[in-house]
Amino acid sequence: MPTGPQEPEKEIRRGAAGAVGALGVVVMVIMASGIGLAGTAAIGQELPFTEEGWSRGIQYTMPGYQATGAFGWGMALADLDGDDDLDLVLLGRSNGLPGIFENDGTGHFLNRSFGSGMFPLADGSGVIAFDFDGDRDLDLLFTQAPGSTRLHRNDGDFVFTDVTEQAGLGLWMDSQGCNAGDYDGDGWLDVYVCNYSPDAALSRNLLYRNLGDGTFAEVGGAEGVDSTYLGFQAVFATVDDTGWPGLYLSNDNRNAFGANQLWRNDAGAFVDVSEPSGAGVELNSMGLAAGDLNGDRLTDFYLTNTGVTFGAAPGNHLLLSQGDGTWTRSDAEWGVTVDETGWGTHLWDFDNDGRLDLYVNNSCVPNLLFRNVGTPPMQECAETFGVQGTDGDSMVSVIGDVDGDGDLDMVQNDMGRNVALLVNHSGSSRRWGRLRIAGIHPNWHAVGATATVRADVFGTGDLVEQWGEIRVGGNGFKGQSELVLHFGLGEADVIDEIEVRWPAGGPARVVRNLPAGTAWTIHHPDLLGDGDEDGVVGDDDLALLLAWLEEDLLPGREMMDLDGDGAVGRSDLEPFFDRAGWRRTDLDRSGGVDAADLSEMLSRWGGGDPLADVNADGVVDGADLGRILIDWTQGGGG
């Protein structure tokens, strides 16, 4: 490390195991004492999580038993009306009517179920929220067990139209979880449906390719992913460095019916790598969590199991990616080998300390929360944090910042009870950052995009890397968590660097120096400069850029930070002119560099006018004149 007055260069640490620091040591000591966060319920104060579903307007009671083979009912946290807060979609009520609840922006909800255009789904099973038609809003897809998958187009104002038959999705199956992603790289989101039945005709999994005209074609057999095992849940996830989403499938191996399956995606063609990858484990696999548990920018998987394994491997499985196309079972090392019947599961940073924690929904025993303290083993702390639930059947949960306070809340639907909203009061004690990744038509929500965040999480001067991916479904069990990427930042005041990669071999972009404690949007390169979002970069956008010049960057202005330095400044004018198709020295934007532009520059000589200051050094002088003359002599004007 350098000595003297200069600032030492920050080191980037890969991996949560190496990023504990002084704060992590303190946390480990506290957790070992059974206290949890300093100042929580152990000393008589409010629990870090409180259940507030009914009081916040979520009045939707689950049956006390399952009349069908649905194995629990799905949920979705999704921004259905485009107002940047999370609305709630529920299944399972005894009358079959899906619950549609509008978030008022504070985490309180208004029941919009009646008049939504939804019809009862007596055998409702799974649900996802995704934009199937490329109109920017989120549509809803429901599976049934048994029954046909139903697609509801979002028409705005919480009104939906069933377009199942027109879309070609009405096959009658025994369906469980579903997920969506762009497997073929055409921008349109495709759908995978898991089916579960001893009857192979009803158990064949379905891959619906989105044709981009409002219809789908079922291509599971043609693409080699029409598994007839007992499928519970699948996920499209990054499994290599190509940017093309692989497909991982969680199968119930009951009585040796079939192991889990992993397909690598070679530019739209699936290749079965289940056995050589080590991901084809044999267990009664149900819930599926995908995320980077150990901080190496690789996708790990956590799989729930049954307490009675019927000949399969016992215990929940944690599969850690080795970075070479293989996964290794590591749940014993990390202390998360649960030998109970588990269902939903999530990898999430509930306490905003920069490390992913683990949640497990269980049947017959309380739910479990494992806190990641930086090095294995993880510490179980569900009771301490008030999220253990009951001894009943807790099967589905979804994650998102419901009340907009910068930490992750949870919704879960235990049988025989009103849907629970577990409001998080602990994570906001640390810093955080939230990223909306803006894609282009038709994948506006950038499903499949990944983001790497680098920040001084532990206040040591070293940058810690965190990595996340936007997924529709497959992030738990039969549900949909929020599409915003949430990163706990611990002690960091600023995100030093964000690296975003758009899916299917799309572009990459780096943005630097964004303050913590804010939800930021990172725009696809094709969207930069379009301040009024009308699809054209022109004079109106230039006026916005000039109005925002040299001011602090605020949410809603990120598309004008064309050079990604965390500010809207003079250095953004050159790339803006490139996006608009103008020559930087064409000051009057006449299409050529000529005497009028020279006159314009001379009239502003010696000042700081940003348009005439073409080299962005703060003053209009000879250097700028030189640029005018160069462009003139190159034929730019007459």
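Determine if region 506-519 includes at least one residue that is of a type outside the set (A, V, I, L, M, F, W, C), closer than 26 Å to ASP85 by Cβ and crowded, with 23+ Cβ neighbours inside 10 Å.
No - not one qualifying residue is present in region 506-519.
Taking region 531-563 on its own, how many of its residues are in contact with a helix residue (DSSP H, G or I) (Cβ under 9 Å, 6 or more places away or on another chain), acidic (Asp, Glu) and under 20 Å from LEU435 (Cβ atoms)?
3
Can you go through ILE35, ILE12 and tell me which one is at pLDDT below 85, open to solvent by 30 Å² or more (accessible area, probe 1.4 Å), under 30 Å from ALA438 (Cβ atoms) and β-branched (Val, Ile, Thr)? Full working, then the answer.
Details: ILE35 fails: under 30 Å from ALA438 (Cβ atoms).
Result: ILE12 is the single residue among ILE35, ILE12 that is at pLDDT below 85, open to solvent by 30 Å² or more (accessible area, probe 1.4 Å), under 30 Å from ALA438 (Cβ atoms) and β-branched (Val, Ile, Thr).
Output the strands (runs of 3 or more DSSP E) that fall wholly within region 361-470 and possess 3 or more residues being of a type outside the set (Lys, Arg) and over 27 Å from LEU303 (Cα atoms), or say none.
Passing ranges, in order: 431-438.
From the list ASP157, ASP199, which one is in contact (Cβ under 8 Å) with a residue 40 or more places away in the chain and among the acidic types (Asp, Glu)?
Details: ASP199 fails: in contact (Cβ under 8 Å) with a residue 40 or more places away in the chain.
Just one listed residue meets the conditions, ASP157.
Say whether the condition of being open to solvent by less than 50 Å² (accessible area, probe 1.4 Å) and within 30 Å of ALA508 (Cβ to Cβ) is met by at least one residue in region 617-637.
Within region 617-637, none of the residues are open to solvent by less than 50 Å² (accessible area, probe 1.4 Å) and within 30 Å of ALA508 (Cβ to Cβ).
Would you confirm whether any residue within region 366-381 is open to solvent by 20 Å² or more (accessible area, probe 1.4 Å), in contact with a Pro (Cβ under 7 Å, 6 or more places away or on another chain), more than 30 Å from GLU499 (Cα to Cα) and among the polar types (S, T, N, Q)?
Within region 366-381, the subset open to solvent by 20 Å² or more (accessible area, probe 1.4 Å) is 366, 368, 375-377, 379-380.
With the extra rule that they be in contact with a Pro (Cβ under 7 Å, 6 or more places away or on another chain), the set shrinks to none.
The answer is no, given that none of the residues of region 366-381 is open to solvent by 20 Å² or more (accessible area, probe 1.4 Å), in contact with a Pro (Cβ under 7 Å, 6 or more places away or on another chain), more than 30 Å from GLU499 (Cα to Cα) and among the polar types (S, T, N, Q).
Only residues that are in contact (Cβ under 8 Å) with a residue 40 or more places away in the chain, closer than 21 Å to ALA547 by Cα and not hydroxyl-bearing (Ser, Thr, Tyr): list them for region 584-613, please.
ARG584, ASP586, ARG589, PRO610, LEU611, ASP613
Take residues that are over 23 Å from PHE71 (Cβ atoms) and hydroxyl-bearing (Ser, Thr, Tyr) and tell me which of the strands (runs of 3 or more DSSP E) falling wholly in region 182-230 contain 3 or more.
Because the criterion is at least 3 residues that are over 23 Å from PHE71 (Cβ atoms) and hydroxyl-bearing (Ser, Thr, Tyr), no strands (runs of 3 or more DSSP E) in region 182-230 meet it.
For region 481-528, please list each of the strands (runs of 3 or more DSSP E) lying entirely inside it that holds at least 2 residues being under 15 Å from the mean Cα position of the chain (by Cα) and more than 26 Å from PRO575 (Cα to Cα).
Strands (runs of 3 or more DSSP E) meeting the threshold: 485-490.
Identify the residue in region 322-336 that is open to solvent by 30 Å² or more (accessible area, probe 1.4 Å) and in a loop (DSSP other than H, G, I, E, B) and, among all such residues, is nearest to SER363 (Cα to Cα).
GLY335
So which residues in region 75-109 are open to solvent by 20 Å² or more (accessible area, probe 1.4 Å) and more than 25 Å from the chain's Cα centre (by Cα)?
If the condition is that a residue be open to solvent by 20 Å² or more (accessible area, probe 1.4 Å) and more than 25 Å from the chain's Cα centre (by Cα), then ARG93, SER94, ASN95, LEU97 are the ones that fit.
Can we say ARG471 is within 19 Å of THR242 (Cα to Cα), among the basic types (Lys, Arg) and in contact with a Pro (Cβ under 8 Å, 6 or more places away or on another chain)?
On the way: within 19 Å of THR242 (Cα to Cα): yes; among the basic types (Lys, Arg): yes; in contact with a Pro (Cβ under 8 Å, 6 or more places away or on another chain): no.
It is false that ARG471 is within 19 Å of THR242 (Cα to Cα), among the basic types (Lys, Arg) and in contact with a Pro (Cβ under 8 Å, 6 or more places away or on another chain).
So that you can scan it fast, the table gives a plain yes or no per residue for (1) open to solvent by 30 Å² or more (accessible area, probe 1.4 Å); (2) of a type in the set (S, T, N, Q); (3) at negative phi; (4) modelled with pLDDT of 95 or more:
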position: ARG153; (1), (2), (3), (4): yes, no, yes, yes
position: PHE158; (1), (2), (3), (4): no, no, no, yes
position: THR164; (1), (2), (3), (4): no, yes, yes, yes
position: ALA167; (1), (2), (3), (4): no, no, yes, yes
position: LEU171; (1), (2), (3), (4): yes, no, yes, no
position: GLY177; (1), (2), (3), (4): no, no, yes, yes
position: TRP188; (1), (2), (3), (4): yes, no, yes, yes
position: CYS194; (1), (2), (3), (4): no, no, yes, yes
position: PRO198; (1), (2), (3), (4): yes, no, yes, no
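So LEU319 fits all but one of (1) over 24 Å from LEU90 (Cα atoms); (2) open to solvent by 10 Å² or more (accessible area, probe 1.4 Å); (3) among the hydrophobic types (A, V, I, L, M, F, W, C); what number is the exception?
Status for LEU319: all satisfied but (2).
Name the one entry in GLY468, GLY473, GLY461, GLY416 that is open to solvent by less than 20 Å² (accessible area, probe 1.4 Å), of a type in the set (Gly, Ala, Ser) and either without any contact (Cβ under 8 Å) to a residue 60 or more places away in the chain or on the phi > 0 side of the Ramachandran plot (or both).
Selected residue: GLY473, the only one of GLY468, GLY473, GLY461, GLY416 that is open to solvent by less than 20 Å² (accessible area, probe 1.4 Å), of a type in the set (Gly, Ala, Ser) and either without any contact (Cβ under 8 Å) to a residue 60 or more places away in the chain or on the phi > 0 side of the Ramachandran plot (or both).
For the structure I just gave you, tell me whether ASP139 is buried (at least 19 other Cβ atoms within 10 Å of the Cβ), more than 17 Å from ASN413 (Cβ to Cβ) and not aliphatic (A, V, I, L, M).
On the way: buried (at least 19 other Cβ atoms within 10 Å of the Cβ): yes; more than 17 Å from ASN413 (Cβ to Cβ): yes; not aliphatic (A, V, I, L, M): yes.
It is true that ASP139 is buried (at least 19 other Cβ atoms within 10 Å of the Cβ), more than 17 Å from ASN413 (Cβ to Cβ) and not aliphatic (A, V, I, L, M).
The values are calculated or read from the model by the stated rules, or taken from the named source; none is laboratory data. Keep in mind that this is a model prediction, so the values were computed, not measured. Cβ: placed from backbone, ideal geometry, glycine included. Neighbour counts: every protein chain shown. Note: accessible area is taken over every heavy atom of the protein model, side chains too, but ligands, DNA and RNA are not part of it. Shrake-Rupley method; radii C 1.70, N 1.55, O 1.52, S 1.80 Å.
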